[in-house]
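First comes the structure, then the notes that go with it.
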Amino acid sequence: MKTQTLRSADQKCLYCGGTGYYQLLLGGTETCAHCNGTGKQPEQETED
C-alpha cells in the first residue's frame, strides 16, 4: 500500500506553518516534530 503526504504549494510544513516550532499556551516554544524544526515539508512516501 502506498501513501502520500499532503504538501502545500510553497512546501511549508503543514503542521507548524513553516516556522519550525509551536508556541505553547503556557509560554515557551517546542520544535515541530513533523519537520524537525526546518519549517519545510518532509519528502516522505511510505510503502507497506
_Amide H of TYR21 versus every other amide H placed in the peptide plane: which residues, excluding those fewer than 5 positions away on the same chain, fall under 5 Å?_
CYS32
*Based on other C-beta atoms within 10 Å, arrange LYS40, LYS12 from fewest to most.*
LYS40, LYS12
*With θ set to phi - 60°, apply the Karplus curve 6.51 cos²θ - 1.76 cosθ + 1.60 along region 26-35 and write out the HN-Hα couplings as whole Hz, x wherever there is a Gly or Pro.*
8, x, x, 10, 9, 5, 5, 6, 6, 10
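Computed from the coordinates by the stated procedures, all read-outs in this text should not be read as laboratory data. Predicted, not measured: the structure shown is a model, and the values here were computed from it. As a convention, Cβ positions derive from the backbone with ideal geometry for all residues, glycine included, and neighbour counts pool all protein chains shown.
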